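Only one structure is covered here, and it is reproduced in the block below.
FYI, it's all coordinate maths here, none of it is from the lab. This one's a predicted model, so the numbers in the text were calculated from it and none came from an experiment. In this analysis, Cβ positions are derived from the backbone assuming ideal geometry, glycine residues included, and neighbour counts consider all displayed protein chains.
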Amino acid sequence: MKSIILNCILACIILLGSCKENIAYKEKLQDPELFQSSMKKLTDVIVYDIFSPPVASRVYMYPTIASYSIMQKAHPEKYNSLQGQINDFTDIPDPTDEDVDMNLAAIHAFLTIGKELIFSENRIEEFQNKIYSDLQETGLPENILEASTRYGDEVAKHILAWANTDMYKQTRTYPKYTILEEPQYWKPTPPDYMDGIEPSWNKIRTLVLDSAGQFPPKPPLPYDLTEGSPFHKQLMQVYEEGTGIDANKKDIASFWDCNPYVSHHQGHAMFATKKISPGGHWIGITAIASRKANSNFDETINAYTNVTTALYDGFISCWDEKWRSLLVRPETVINEHIDEQWVPLLQTPPFPEYTSGHSVISRSAAITLTRLYGDNFAFADTTELEYGLPVRSFKSFLHASEEAAISRLYGGIHYIMAIEEGIKQGEKVGLHISKNLVTLKK
Amino acid sequence: MGCDKKKDAISKDKAAIYFEAVPADSSGIHFTNQLTPSADLNIIEYLYYYNGGGVAIGDINNDGLDDIYFTANQTPDKLFLNLGNLKFKEITKEAGILIDNTWSSGVTMEDINNDGLLDIYVSKVGNYKNLKAHNLLYINKGNNTFEESAKTYGLDFSGLSTQAAFLDYDNDGDMDVYLMNHSIHTPRSYGSSSKREISDDLAGDRFYENKLEEGIIKFVDVTENSGIFSSALGYGLAITTSDINNDGYIDIYIGNDFHENDYLYINQGDKTFKESIASYISHTSRFTMGVDIADLNNDLNQDIFSLDMMPFDHEIFLKSGGEDTDKIAQIKKNYGFETQYARNTLQLNRGNNTFAEIALMTETHATDWSWSTLIQDFDNDSFNDIYITNGIYKRSNDLDYISYLSNVDFSEYNQTKQNELELKLIEEMPTIKLSNIIFRNTGNLKFEKLTETAGQFPSYSNGSAYSDLDNDGDLDIVINTINEPALLLENKSPEIIKNNYIGFSLVGDREFKNTTGSKVYLFADGKQFYKELTVTKGFQSSSSRKINFGLGAINKIDSVKVYWLDGKIQLVKNLPINTYHRISRNMDLKEESISKNKIETKVNPFIYTHFENTFVDYEREALMPEKLSSEGPVGVSADFNGDGLDDLYIGGARNQAPLLLLKQYDGTFTEDPKNKFTQEIPYEDVDAIAFDLENDGDLDLYVMSGGNEWGEQDASYEDRLYINDGNGKLNRFPASLIKTNGGSISVGDFDGDGFNDIFIGNRSVPGAYGLSPYSYILKSNQKGSFTIVEQFRFGMVTDSQWADLNNDKLLDLILVGDWMPITILINQGNDKFKDETKAYGLADSYGMWNTVAVADIDNNGRLDILGGNAGLNFKIKATPENPMKLFIDDFDNNGQPDPIIFYDFFGNNVPFASKDKLVQQLPYLKKKFLDYNSFSKINSITDLTGKEEKDIMEIKKITELRSMIYLNPGSDNFKAVPLPTEAQMSSIEDFYIDSSKKSKKIIFVGNYLDYTVELGNSDANSGGILNFDATGSLISFEYLPIPNSINARQIIKLEETKYLVLVNNDGAFTFEVLK
């Protein structure tokens, strides 16, 4: 008892002594908003630079894993190392300098890797400099900044070396898709007739899945335009529902559009509008959930770690199927056989139809979020506000994921089978990750 | 003092064509096409908002002075009366021209009621949003007054009109009219080209027949029966008329914007037209905006020049949307659209109802965003020049604008703030003000590009028309510009005073009033010149009816022949020069039957069709300039069964079995039942040769396989050797042969041991464009097997030839290929060869060679070399001073070589691949060049990759693109003689040399349709015959009578006068040539 008091007195003296110093930075470094704002910055640059949905999921994942690894070093009693849980991942080095602030190092590693993976580096650099100068103004000592960024750099280097072996670089020069003439196969779609996005994404190393093809969905219905055939029925369903006739459905489809690059040809002007990707939307939901749950700095990072992993593996699983079944988009079939003037509510994205990416990744992300924050975690989804869309409320993550999935039918870009089977695929991916990626120590 | 000096310098810098702008205060022409965008009407709401207005020039009061009508888009049109000496008086109101703010686009002056007075027809955007109007027909009532009578005449069309061209389509003496309209919806999807069969009330083109000759004052809409398309697929911007096929009936050329083909309506002579663009023309401009038709090489055939928007400034070029990607081009083709490129086209009339597109060769292909083209002789030197207006008020194809600058919130855009956002979008769109461009024709299909030195200055110029407004013998130009006073350019070309001219105006008679479409042939100095009377040309404009011929130094003309449209011919003699003449139609002309231009076809299909397998190399190797997987077919003519007749082996592409065709005594061929090659389907045959391998008296066959689909050493690349069993049965020799993408095999007994030795030349390392594979010289060991005496990475070998070049009785070896010189390996004896390329003066012959042949063309006892190259009609120019360079290295350290090409683009070194393609291959470049603007500043490989040239693994170059003869003088350097212009119009793929006489006849076949879209098809000349005299001088050229747009690969002589042409992915055929 005595010693406790003594300790307290000593501590108080020290505290009093340092009262003369500016220590506001310490509070700042504990503030999860520091990480939230870094993640938001990354999202903004991803949107500006235009990354396709699967590539965006990779840009989110590596910086997050780096931050997590540092948090794990900071709180070994609370978190498990990812080594052995994530493919080819080796533990990051331990900090050697006592001056390292682990939170600052986590931010630094996050932004450093983020900068490496996006194009417009100066946009992140400006942000980074601003954070550091703010912290310095509120008292961050030079030695801590220097030690933390040095450690952050070391971790970033470690993570990037690992990232470098994920086949991303090699797949950049893999063959593009050669259009197959048969009617059931995917063809580029109006208005830009862009090349198919990432036909070799299944060559990218998975994180928790053993391979891209671990959870293959059942094959799509056979292409058959005979009236009354199962395929034809689903096609007609898109034809009827996919133009936004029903106002509620239209709202749902628009809310979940999440197309990073929509091209507009108006008059003689061509321009693009940009939005977050489907993965970006779930990053936004993670921000909402972690804030609502009052997650602290490391818990926030933990949440993002689980979600970005689910998104990343989800996209690989989905893309594996897309470029296997190579199914034609409804717009192509409808324009050719049913109604040349038909235009889907949403712009058809440039890759094969089956399965629906939004369905897969929304489900896998929702499952990990449910595991972290529980079912019946109601929230108001404000993610799309800044892109001019309203707020929508959901009673649970799964509720949101189901709406995201069905939105693709209402948007006129997916058959119902791609949604239903996509949900199943996402479910398998999500459950597998929940089981095999254990971040929190029990 | 200083000022005077400056003036002197300027006048000295005047080019041979020079125009001086006459200020409005002097001319009295106060007219501005002022545009005021609003929320309802702007470039986003109406895609042709900045297309500008037109100009019509004609003599409305028959005082010998041409008057001018300007159209305005949002302000009133204006009419100016020519008072002489370039002074004008505005008479818009007095003349009865409507003064309102409706949208006028094109304007045409023609006498549509045959009263001898020019009427005016104004086209309107008249039924779109708040634009309400109908087209206007101002009937000339004399005394400079007009009465708007569109309704009376049935020409009060209200829709989306661009321009009307009046023509007498049935040669009955009155003017019918083609009304060209345009679509306004931005093409969201291409859809099927069959949509052009569906008519559209507002955008579809119309044809009206004038019933005047039947005594009725009315134009009747005959669109439906006329054979023209009248659909919303037509983005009609350009129109002119001419008797393209010289059959006495006027044809129509319609230039369409976007993906829709241009239309060439051939008049069938029965009041119908047949759209025939694909059979006359191999490819057209894509965003066709203006067009004119006239004779550019004084061969009495009408050539076509059409405008597009390819930039010539290297920075603008690198940051603007350009050609379609290869994939989109393929998609359009699948939808049924013809080949189009986003550059100007010069369609040279070959006189046989086919055209050779030679804009690249003449370097007239890039004049940026261009609107109107006028082909006339502006310096009176007897060659027609080309005047082009250009400039765009809002450049919407700026790639940074599309991807980055135009960040708008689309959901807001869709909902409430549309107008506000639109205006912001428009504001941010870049503008470009350009100097108009003149291509001065210096003869022989050579043009000199003139701008500032010809008195041109930056403007946003649209419609234009020419006329000798001051009757001083030279043609002046009037231009309608956006937001600035219209331009009156007085012709002050310095040589004009020295050059002679003669001009005519044609006047019809009571029997046949109409003169539009009349043809004038002028004979002087042993030459002939030709002009057709057509006024609607350029863009939204019509020019003077006077016909001017520049005569240069010719000071006397022999005669003039006028072909009236009804077929009557009038000869006029003894006309003095340097003045205008009125040629009135004689009453008592005889009808002469016009020699109808009938094409005799001597071409017959042959029983072989080549099917190229679908494989798109660029989808694996984004940076390569051409396919390497579509070689073949290959044919070998040899007597395999020993019956004294040469049989044919034809090897096809992958998935197609080779064929052995036995020649019969009647000259026909039948499939050999003994030799079926169905097992050989996996191979793509690229070369083959018949020779006696084991000296057993029969011909064996070596077939070289190739392709670029699989990795190195794939089994499908294996060469095959077939041994003749003596009875004509070819058995595959069970030996493992080389597995590469083959290029060429040739056979010769280089060591003189009586046994054939072999050269095996390889084309590429599959998957690694640009790298040189190993090629081999193999020596026969006289028992049917071979040993390698030489192996070397000579280059991407396409052809080879054994020949004794130095007359030492030892066979030397000549190799050609891509990115390599004509390589000479001199036989040193003892199985040794020495590369003597440089010593023979061929060090600068790095080319894209396809074929090589030898013959003693100049009869000096030495073999000369003939090389078939890519030719000059090529988007890239390459010379020893400004070579095209290929840099090969693994720039991004991913284990794959990246072939990056740089070339000279109008004086600046630029990368060949677009930023999008380069970034795809080298993702790190995306960080280096965040926007297209930074990319557009690139000037070298170091700028692009950061690597110095000296550190780059391999650098190749091309310094010669011409097809050549290298004459062998017996000592010293070979003498390089380029083949004539016609033989440079396409890639030459194969030669046949007839050496039976001292005067050599060389037949070549060519074209190459497997370049990337950025380079475009080489399709201007599928073949020709070059006749030389005994000293090796060229005496004549003639086109082969074969279709012009084919991908010809090989020519084989079958009989004395009969030749076989093998074609890639198409049927083969035979043709006959007179001995």
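Tabulated data
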| read-out | value |
| --- | --- |
| Calculated [θ] (222 nm, deg cm²/dmol) that DSSP helices of n ≥ 4 give over chain B, each run adding -39,500 (n - 2.57) | -1500 deg cm²/dmol |
| Debye intensity ratio in log₁₀ form over the Cα atoms of region A:179-436, taken at each q of 0.08, 0.09 Å⁻¹ | -0.30, -0.38 |
| Cα-projected label distance for residue B:216 with residue B:753, points at 7 Å along beta-carbon direction, nm | 9.1 |
| Quotient of C-alpha Rg and 2.2 N^0.38 Å, computed over chain B | 1.00 |
| Length added when fully stretched, residue B:523-residue B:638, from 0.36 nm per residue minus Cα-Cα | 36.2 nm |
| Cα convex hull of region B:884-956 - mean projected area over all directions, nm² | 4.6 |
| Mean Cβ neighbour count within 10 Å, used as a protection proxy, ranking B:212-218, A:376-382 highest first | A:376-382, B:212-218 |
| Where only alpha carbons of region A:28-168 are counted, the Rg and the Dmax (Å) | 14.6, 43 |
| Rh by Kirkwood over Cα pairs, then Stokes-Einstein D for the protein assembly as shown at 0.692 mPa s and 37 °C, µm²/s | 91 |
| Virtual spin-label span in nm between residue A:143 and residue A:293, 7 Å along Cα→Cβ | 3.8 |
| Exercise: per-residue mean of other protein chain Cβ atoms within 10 Å, A:269-281 | 5 |
| Charge sum, other residues only, whose C-beta stays under 10 Å from residue A:148's C-beta, Lys/Arg counted +1 and Asp/Glu -1 | -4 |
| Two-decimal log10 I(q)/I(0) for region B:61-209, as the Debye equation yields it once each C-alpha is a single scatterer, q = 0.10, 0.20 Å⁻¹ | -0.39, -1.26 |
| Exposure proxy ranking, count of Cβ atoms within 10 Å, fewest first, for A:342, A:162 | A:342, A:162 |
| Filtered trypsin sites (Lys or Arg not before Pro), region B:500-541: DSSP coil and at most 13 other beta carbons within 10 Å | B:510 |
| Protection proxy ranking, peptides A:419-429, A:180-190, average beta carbon neighbours within 10 Å, highest first | A:419-429, A:180-190 |
| Extension gain from residue B:953 to residue B:676, taking 0.36 nm per residue of separation minus the Cα-Cα distance | 95.1 nm |
| Loop-resident sites, region B:647-739, for chymotrypsin sites (Phe, Trp or Tyr not before Pro), counting at most 12 other Cβ within 10 Å (DSSP) | B:665 |
| Summed residue charge, Cβ within 13 Å of residue B:95's Cβ, Lys/Arg positive, Asp/Glu negative | -3 |
| Relative contact order (percent, whole number), region B:775-846, Cα cutoff 8 Å, 6+ residue spacing | 21 |
| Pairwise label distance in nanometres, residue A:438 with residue A:153, each label 7 Å out on the Cα-Cβ vector | 3.8 |
| In Hz, Karplus ³J(HN,Hα) per residue of region B:681-695 (6.51, -1.76, 1.60; θ = phi - 60°; x = Gly, Pro) | 4, x, 8, 9, 7, 10, 7, 7, 8, 9, 7, 8, 6, 10, 6 |
| Ellipticity estimate at 222 nm from DSSP helix runs (n ≥ 4, -39,500 (n - 2.57)) divided over chain A, nearest 500 | -18000 deg cm²/dmol |
| Burial ordering of B:60, B:426, B:1051, fewest other beta-carbon atoms within 10 Å first | B:426, B:1051, B:60 |
| Gain on full stretching of the segment that runs from residue B:834 to residue B:556 - 0.36 nm per residue minus C-alpha separation | 93.9 nm |
| Extent along principal axes [Cα atoms of chain A; Å; largest to smallest] | 87, 44, 40 |
| Chain B: relative contact order as a whole-number percent, Cα under 8 Å and 6+ apart | 8 |
| Sorted by Cβ density within 10 Å, fewest first, the residues B:32, B:609 | B:609, B:32 |
| Cut-off 11 Å between beta-carbons: net charge of the residues surrounding residue B:867, Lys and Arg +1, Asp and Glu -1 | -2 |
